[in-house]
Amino acid sequence: MITLRQALGSEWAKFWSVRSTWWCLACAVVLTVLTSVTLGGATVTDALREGRAGVRVVASEPVISATSFAQFALVALAMMVITSEYLAGGIRVTLQATPARGVVLAAKSLVTGVVMFAAGVLAGAVATAVVYVVLSIDVFGGIVVLPAGEVVLDLLGMGVFYALVSVMTIGVGAALRSAAGTLTVVFMLLMGLPLVALTTGNETLVDLSLRMPMFAGLAFMDSTQNLTGGPMPYSAGEGLVWLLAWTALAVAVGHTLLRRRDA
């Protein structure tokens, strides 16, 4: 029987053997940069228009906010890690080589999580640098700053967020097998349902939406610029707990259905 170490090697080779991996990673970087500069520019412009003296904008803050949109490039990549095998029939070969289905799911989750962590940190670092270079000039009031300690923590937080959301996507993909179904469900979990719940104004639904994966991630990353219009109503630690809980639930469901069904 193939061990986890051998399965990791196999999944790592498969991950990097297709061009879609590189395209998705490139799109994630470009989307992060463009969205970050746009959001950062809007923040700086508003501050200048309102004449808020002494305001300082950390260059990585708009990058954190950009994760709400850029995450879907990496979600698409994570989705393909498992659903493409069902589409092409390669999952039969994978499961014949590694009959222990929990090992297969663990290997896919670990490889995807590690790559997405690195991709999140890299994309965040590039976007932060661009935001600082573009928006720290005098014409924008010089209010964008780059404190090393805060920026490093923000980048690590982004990496963790992308890693967990991607592993959650692996779990959903294992459960649904379909690329379209996986993308739809993950989109609804991350953005669709939370935004719909927010628009209702119902206190219970709003509280629930703020504890779904995307808002939990924003809370974990300590975002003050998010779709709620203000800081999250709970701590970064609680945000991480909620994000971990959603990820664990998705992987548990995916593992259960993967074990019970034929390839």
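FYI, it's all coordinate maths here, none of it is from the lab. Values in this document were obtained by computation on a predicted structure and should not be read as measured data. Please note: Cβ atoms are built from the backbone with ideal geometry, for glycine as well, and neighbour counts cover all protein chains shown.
For residues that are surrounded by fewer than 24 Cβ atoms within 10 Å (Cβ to Cβ) and not in a helix (DSSP H, G or I), scanning just the stretch 55-87, find the one that is farthest from the chain's Cα centre (by Cα).
If we take residues in the stretch 55-87 being surrounded by fewer than 24 Cβ atoms within 10 Å (Cβ to Cβ) and not in a helix (DSSP H, G or I), then V55 is farthest from the chain's Cα centre (by Cα).
Being polar (S, T, N, Q) and either part of a helix (DSSP H, G or I) or surrounded by 15 or more Cβ atoms within 10 Å (Cβ to Cβ) (or both) is the filter here; which residues of the stretch 9-35 pass it? Steps first, answer last, please.
Of the stretch 9-35, the ones polar (S, T, N, Q) are 10, 17, 20-21, 32, 35.
Selection gives S10, S20, T21, T32, T35.
Can you name the residue in the stretch 130-141 that is part of a helix (DSSP H, G or I) and without any contact (Cβ under 8 Å) to a residue 60 or more places away in the chain and is also nearest to A42 (Cα to Cα) among such residues? Steps first, answer last, please.
Within the stretch 130-141, the subset part of a helix (DSSP H, G or I) is 130-135, 138-140.
Narrowing the set further to residues that are without any contact (Cβ under 8 Å) to a residue 60 or more places away in the chain leaves 133, 138-139.
On the way: V133: 16, D138: 16, V139: 14 Å.
The extreme case among them is V139.
Could you tell me whether V44 is touching a helix residue (DSSP H, G or I) at 6+ places or on another chain (Cβ under 8 Å), under 29 Å from P147 (Cβ atoms), not in a helix (DSSP H, G or I) and not charged (D, E, K, R)? Give the derivation first.
Working: touching a helix residue (DSSP H, G or I) at 6+ places or on another chain (Cβ under 8 Å): yes; under 29 Å from P147 (Cβ atoms): yes; not in a helix (DSSP H, G or I): no; not charged (D, E, K, R): yes.
The answer is no for V44.
Which of the residues spanning the stretch 1-46 are aliphatic (A, V, I, L, M) and farther than 25 Å from T67 by Cβ?
Of everything in the stretch 1-46, those that are aliphatic (A, V, I, L, M) and farther than 25 Å from T67 by Cβ turn out to be M1, I2, L4, A7, L8, A13.
Which of (1) free of Cβ contacts under 8 Å to residues at least 12 places away in the same chain; (2) of a type in the set (S, T, N, Q); (3) surrounded by 15 or more Cβ atoms within 10 Å (Cβ to Cβ) does T169 not meet, given it meets every other one?
Every condition holds for T169 apart from (1).
Find the residue count for the stretch 172-191, including only residues that are part of a helix (DSSP H, G or I), of a type outside the set (S, T, Y) and surrounded by fewer than 23 Cβ atoms within 10 Å (Cβ to Cβ). Lay out the reasoning, then the answer.
In the first step, residues of the stretch 172-191 are kept if they are part of a helix (DSSP H, G or I); the result is 172-176, 179-191.
Okay, now just the ones that are also of a type outside the set (S, T, Y), so 172-176, 179-181, 183, 185-191.
Cutting the leftovers down to surrounded by fewer than 23 Cβ atoms within 10 Å (Cβ to Cβ) gives us 175-176, 179-181, 183, 185, 187-189, 191.
Selection size over the stretch 172-191: 11.
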